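Novice: Here it is, the structure, as structure tokens.
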Amino acid sequence: MQYNHLEIEKKWQKFWAENQTFKASNESEKPKYYVLDMFPYPSGAGLHVGHPLGYIASDIYARYKRHKGFNVLHPQGYDSFGLPAEQYAIQTGQHPAKTTEANITTYRKQLDQIGFSFDWSREVRTSNPEYYKWTQWIFIQLFNSWYNKDSDKAEDISTLEKIFKTAGNTTVNAVCDEDIKSFSADEWKAFSKTEQEEVLLQYRLTFLSDTEVNWCPALGTVLANDEIVNGVSERGGHPVVRKKMTQWSMRISAYAQRLLDGLEKIDWPQPLKDSQTNWIGRSQGAMVTFKVANGSEKNSSEVKLSYKELEDLKELRLNLSKAETTLWDELKNKKGAAKFRKKYTIGTFRVDYVCLAKHLIVEFSGKEDEVARTEFFNNEGFNVIRFTNEEVLQNVVKVVSEINAAIQFPKKIEKTVEKEVVLKDEKSYKIDVFTTRPDTIFGVSFMTLAPEHELVSKITTDAQKAEVEAYIKATAKRSERDRMADVKTISGAFTGAYAIHPFSGDKIQIWIGDYVLANYGTGAVMAVPCGDQRDYDFAKHFNIPIPNIFEGVDISEAAHTDKDGTVIANSDFLSGLKYKKALKLAIFEMEKRGFGYGKINYRLRDAVFSRQRYWGEPFPVYYKDGMPQMIDEKYLPIVLPEVEKYLPTEDGKPPLGNATEWAWDSRNKKVVSNEKLKNKTVYPLELNTMPGWAGSSYYFNRYMDPSNENEIASKENLDYWKEIDLYIGGSEHATGHLLYARFWQKFLFDKGIVPVDEFAKKLINQGMILGTSAFVYREEGTNTFISKGLVEGKKVQPIHADVSLVNASDELDVEAFKNHPLNQDYKNAEFILENGVYKVGREVEKMSKSKYNVVNPDDIVEQYGADSLRLFEMFLGPLEQAKPWKTSGISGVSSFLKKLWKLYFNGDHFEVSDAEATKDELKVLHKTIKKVEEDIENFSFNTSVSTFMIAVNELTALKCNKRAILEPLAILVSPYAPHIAEELWSLLGHKESISTADFPKFEAKHLVESAKNYPISFNGKMRFTLELPLDLSKDEIEAAVMSHEKTIAQLEGRTPKKVIIVPGKIVNIVG
RNA sequence: GCUCAAGUGGCGGAAUUGGUAGACGCGCUGGAUUCAAAAUCCAGUUUUUUCGGAAGUGCGGGUUCGAUUCCCGCCUUGAGUACCA
């Protein structure tokens, strides 16, 4: 019987579908394993051979795990909302749901042909209302949550309202908008409902705000930063402009630190982790406030501590008493801004602990001058609480909770006269800057503000007004693109105003320059020209002094940007200190003197969540008095309405503005016609839709219980499947999908909805499969094509030829080329051959239609079979690497399958022997089991295909047809080539599918050898081999080797200096 | 610029607790089978050579009895990111 892949593959695909062979059970005695591919978007173009690579790898792993006794969850579905379907709808008027459905059908057919073991009963589609009901539900949960930095997690908004009611917002330690106004509990209660909602919106994890967005007029939508490439839209390459719009945003910044920390406990590729780390962009430094000079400065009368005194303090901090240590251990573990310092100096007093941010001093009682201390501290604006040693040692938790209470509900301190003076001073302008190098603060010789900075217009002097305004006008004109392309030109303008250096009191110039970005940090920098190259260039260009604050460093040519080993000089109390010490001491002093504090900054920006698109999830939101209201989750899903046209409305509203049934009847709880908006209880619904990443940020949880109508997934199922054990997909999702999904998972974890805060334990990025393009060479200005070997010295123009017209030996089918519909111009062309054939040139390029190098898997499956395709995709090279596809290579794996098949046949009929296997046969089998098992565990699929080939070659040479060998061999091969394995398995007499057959057990005893073919090296170079028994001692080996004639010949009479013998491995003779 | 990854035959690639470099496959060469072709099978295929050997894993050093593997410096290619204070 001939191996007929077409028949066999169809038969087993049907069998699997009819018997639901790969349906996963939510209850099982077996350990669970969850393998998932990244959510595919069903595009209309169909698959090319690059697409299934990751699916094949994950399928092999899933099948392997089933053989290993795991209950495997391996689902598949579609991320079916998205731009291409909508663009197509705009062009053709076809409903995107319809084209999406058609695309999915094609996609599914292609997948089924390759023999994947997906559990299709769990399929989800993001565009199904039953699915996006839960997307909307999560949105509501985010809206109803705020981030409490003290507990370091998301909490229900009601806990925040409670605090507002009792204490106002001054003690709240939350992640929120920047320009928050403070209010007391009484003020809160006096707010109108709308005012209260406005305030809460500034704290919610998803919120409405006027954001400067990347507006793409051509697409009629807003793009996220990662959807823009080189200043134009990633999709379509349209220009993008900045524009202010009211948008929904997600407060992902609240999770910046946890997203960073979480990377340490997941097994993801380092480059992927690096790019997330990069994207989050944590930088540690200090916020420093510079006052703008107003002419009436006087020197500060701060008490400065000498370096010696500071060292003494440090000593004290290291030698704490037992009670002191106990309390400190509790205090320092407190998270968030309520950061305590120990043994700190306030005025002339030394206090035990102080929280500068909350103006709270904690002391042990029993100090002699308690009354005087309290009075002084209160005058300085500090509250004081005291505990005895015993209180701390007996119940430190109680003490800490009292401290917490004191932080949250501070006693009002009577303001002293001195404070009034300070308040008066505050009327002058201040510039906040963030710096990662507070140690270089004495090197500041000017400040630079972004041209857009709000203070610019206020501080610019009349004399400089014209110049500054001209500069601002010029920068505004420059497009983002220009500014990006041109980083070399130095430009700026002097405002005429001066700032006061907070330490030295010196006046320093304030400039504006477009190298400072308005939307990063505070939009202002303290320029340290000697330590920062951009500041240096700016100073040089405008002749601003460049003070040197580094010991023994030459800065005449360039700034000194190294930190390590640098010693600070000319810097008052920082002089003589190394980078790290200076940095700490600088922050310490700033905090003490009250014009700065240590701070961690993140580059990660809140994510815009609105899209002006039709084909996406509608928001469960309506507007009452201009304030957004969530629709109760009972009434979800809010189904996407029908529209006439998928374009924005004529007055510039998003496409949902075209819907006629798009208003919320708050009394009857349903979507009604817009005509009813006149009614008092009917409100307009949100017109934006959600972005592409909404539906894909939690789908992996939904697969655990995909048809549950009451919950995202039942608690039992979530607890059973927990997280993805193996996630495979492309690296292009590094900072999009994979960051947002981690954010949502952490949020759902905080709310107790999911049991783990990282959704994928291990992740692999599969490499891209590239195309091998073929080129023909046309002599310039003629219609003559010259074969590759003859082009040298001639002026030729390379032209892409369709790869299907070229054979494995790079020979072009000239007639087919001439008759190809795309080559009408070359119908009568002349071809100059070499040795009777036309040879093409080859080059590796991205697989793309325009390069005529796309290979369709359907054709491969038709000609060679799915098993060959699966084997060959794996055989190409390591999964993670990019590698070129060359169809000719597939004949190797194809003939392997034929050889495998032949082992089970004697001529035309199936025949296996029940005789006992020989030693050699067992050795081949167990060698193979060992290697294949290791390879799969290490995701080294390419090498296991080689191993199969070696095994089949060896068993063929041994003429092996023993059941004892061939039965386990079928199981070994089955994850890779499941169709042929199932067929052989059933021929071997089995009635059940091979998919859950136990993986063969490796037994080391079959690999034990009695002799070793030793490599004999001279000075490390192998010269010949010598077969010796393995039980020889070192001395016996040496004797045998040294007396060998080839050794004597090699040595040419010299006496070896040394003989290295590693028994069972190698012999090396030195000399 | 910065960060990361990778450089091994004509091609895809294999080999790392440091121990026989080039497994396996493609392609190529020769042979068998065939009227012929396809398919199949057998042998060879890093370079060089005076046929004894010798050299060789991007380049230059180092550690070691021994380095594709470890360390230092450089070159090239690819990916990500970019006026981030």
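Novice: For the range A:691-750, please list each of the helices (runs of 4 or more DSSP H) lying entirely inside it that holds at least 1 residues being away from RNA strand B (no atom under 16 Å from the Cβ) and under 17 Å from the mean Cα position of the chain (by Cα).
Specialist: A:699-702, A:737-750
Novice: I would also like to ask the following. Taking A:G989 and the conditions (1) within 16 Å of RNA strand B (Cβ to nearest atom); (2) in the same structural domain as A:Y904 (by TED's automatic domain parsing); (3) surrounded by fewer than 18 Cβ atoms within 10 Å (Cβ to Cβ), which numbered condition does it fall short on, given that it satisfies the others?
Specialist: (1)
Novice: Is it the case that the range A:62-80 has a residue that's modelled with pLDDT of 95 or more, assigned to a helix (DSSP H, G or I) and in contact with an Asp or Glu (Cβ under 8 Å, 6 or more places away or on another chain)?
Specialist: Yes, the range A:62-80 has at least one match.
Novice: Give A:T170, A:T166 a once-over and let me know the one that is assigned to a loop (DSSP other than H, G, I, E, B) and not assigned by TED's automatic domain parsing to the domain that holds A:D79.
Specialist: None of the others qualify; the one that does is A:T170.
Novice: Looking at the range A:862-882, is at least one residue charged (D, E, K, R), closer than 30 Å to A:G781 by Cα and either more than 11 Å from RNA strand B (Cβ to nearest atom) or buried (at least 19 other Cβ atoms within 10 Å of the Cβ) (or both)?
Specialist: no
Novice: OK, next. Do the conditions hold for A:S43, that is, is it touching a Pro at 6+ places or on another chain (Cβ under 7 Å) and polar (S, T, N, Q)?
Specialist: Working: touching a Pro at 6+ places or on another chain (Cβ under 7 Å): yes; polar (S, T, N, Q): yes.
Yes, satisfied.
Novice: Right, something else. Here are some residues: A:D564, A:D514, A:D535, A:D554. Which one is within 11 Å of RNA strand B (Cβ to nearest atom) and in a loop (DSSP other than H, G, I, E, B)? Walk me through it before giving the result.
Specialist: Details: A:D564 fails: within 11 Å of RNA strand B (Cβ to nearest atom); A:D535 fails: in a loop (DSSP other than H, G, I, E, B); A:D554 fails: within 11 Å of RNA strand B (Cβ to nearest atom).
It is A:D514.
Novice: Additional query: Working only within the range A:11-50, note down all residues that are part of a loop (DSSP other than H, G, I, E, B), hydroxyl-bearing (S, T, Y) and under 27 Å from A:L879 (Cβ atoms).
Specialist: Residues satisfying the conditions are A:T21, A:Y41, A:S43.
Novice: Identify, by number, the condition in (1) within 15 Å of RNA strand B (Cβ to nearest atom); (2) closer than 30 Å to A:N961 by Cβ; (3) touching a Phe, Trp or Tyr at 6+ places or on another chain (Cβ under 9 Å); (4) not in a loop (DSSP other than H, G, I, E, B) that A:T1025 doesn't meet.
Specialist: For A:T1025, the exception is condition (2).
Novice: Scan the range A:131-147 and give yes if some residue there is in a loop (DSSP other than H, G, I, E, B), of a type in the set (G, A, S) and either touching a strand residue (DSSP E or B) at 6+ places or on another chain (Cβ under 9 Å) or surrounded by fewer than 20 Cβ atoms within 10 Å (Cβ to Cβ) (or both), otherwise no.
Specialist: no
Novice: I'd like the full set of residues that are crowded, with 17+ Cβ neighbours inside 10 Å and either in a loop (DSSP other than H, G, I, E, B) or among the β-branched types (V, I, T) (or both), limited to the range A:792-809.
Specialist: Across the range A:792-809, the qualifying residues are A:V796, A:D802, A:V803, A:V806.
Residue-wise test of (1) touching an Asp or Glu at 6+ places or on another chain (Cβ under 8 Å); (2) within 8 Å of RNA strand B (Cβ to nearest atom).
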| residue | (1), (2) |
| --- | --- |
| A:F503 | yes, no |
| A:A518 | yes, yes |
| A:V525 | yes, yes |
| A:H541 | no, no |
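Novice: How many residues does the range A:819-837 contain that are part of a loop (DSSP other than H, G, I, E, B), in contact with a Lys or Arg (Cβ under 8 Å, 6 or more places away or on another chain) and surrounded by 13 or more Cβ atoms within 10 Å (Cβ to Cβ)?
Specialist: Total satisfying the criteria: 1.
Novice: Hey, can you tell me all the residues within the range A:906-922 that are surrounded by fewer than 17 Cβ atoms within 10 Å (Cβ to Cβ) and touching a residue at least 40 places away in the same chain (Cβ under 8 Å)? Spell out how you get there, then give the answer.
Specialist: If we filter the range A:906-922 for residues that are surrounded by fewer than 17 Cβ atoms within 10 Å (Cβ to Cβ), which is where we start, we get A:906-911, A:913-916, A:918-920.
Matches in the range A:906-922: A:N906, A:D908, A:H909, A:F910, A:E911, A:S913, A:D914, A:A915, A:E916, A:T918, A:K919.
Novice: Which members of the range A:555-585 meet the condition of being more than 35 Å from the chain's Cα centre (by Cα) and either of a type in the set (D, E) or within 30 Å of A:F382 (Cβ to Cβ) (or both)?
Specialist: Within the range A:555-585, A:E557, A:S571, A:D572, A:F573, A:L574, A:L577, A:L585 meet the criteria.
Novice: Here is a further query. Output the number of residues of the range A:21-72 satisfying the condition of being farther than 17 Å from A:F939 by Cβ, among the acidic types (D, E) and in contact with a helix residue (DSSP H, G or I) (Cβ under 8 Å, 6 or more places away or on another chain).
Specialist: Going through the range A:21-72 one residue at a time, the tally reaches 1.
Novice: Shifting gears a bit: For the range A:883-899, give me each residue that is near RNA strand B (Cβ under 6 Å from one of its atoms) and over 21 Å from A:H5 (Cα atoms).
Specialist: A:K883, A:P884
Novice: Shifting gears a bit: State all residues of the range A:264-286 that are within 18 Å of A:Y740 (Cβ to Cβ) and among the aliphatic types (A, V, I, L, M); if no residue qualifies, say none.
Specialist: A:I266, A:L272, A:I280 - these are the residues of the range A:264-286 that are within 18 Å of A:Y740 (Cβ to Cβ) and among the aliphatic types (A, V, I, L, M).
Novice: Next up: Modelled with pLDDT under 95, outside any helix (DSSP H, G or I) and under 30 Å from A:Y864 (Cβ atoms): does that describe A:K1012? Steps first, answer last, please.
Specialist: Values: modelled with pLDDT under 95: yes; outside any helix (DSSP H, G or I): yes; under 30 Å from A:Y864 (Cβ atoms): no.
Criteria not met by A:K1012.
Novice: Follow-up. If we keep just the residues of the range A:577-606 that are under 26 Å from A:D562 (Cβ atoms) and among the charged types (D, E, K, R), which is surrounded by the most Cβ atoms within 10 Å (Cβ to Cβ)?
Specialist: A:E589
Novice: Scanning for something assigned to a strand (DSSP E or B), more than 16 Å from RNA strand B (Cβ to nearest atom) and either closer than 30 Å to A:E9 by Cα or touching a residue at least 40 places away in the same chain (Cβ under 8 Å) (or both), does the range A:959-972 turn up at least one residue? Quick ask: steps written out before the conclusion?
Specialist: Filtering the range A:959-972 for residues assigned to a strand (DSSP E or B) gives A:962.
Then drop every residue that is not more than 16 Å from RNA strand B (Cβ to nearest atom), which leaves A:962.
From the residues that got through so far, the ones that are either closer than 30 Å to A:E9 by Cα or touching a residue at least 40 places away in the same chain (Cβ under 8 Å) (or both) too are A:962.
Scanning the range A:959-972 turns up at least one residue that is assigned to a strand (DSSP E or B), more than 16 Å from RNA strand B (Cβ to nearest atom) and either closer than 30 Å to A:E9 by Cα or touching a residue at least 40 places away in the same chain (Cβ under 8 Å) (or both).
Novice: Hey, any hits in the range A:852-868 for a residue that's in contact with a strand residue (DSSP E or B) (Cβ under 8 Å, 6 or more places away or on another chain) and among the polar types (S, T, N, Q)?
Specialist: yes
The values are calculated or read from the model by the stated rules, or taken from the named source; none is laboratory data. Treat the numbers as computed from the prediction; the structure is a model and nothing was measured. Cβ atoms come from the backbone with ideal geometry, glycine included; neighbour counts cover every protein chain shown.
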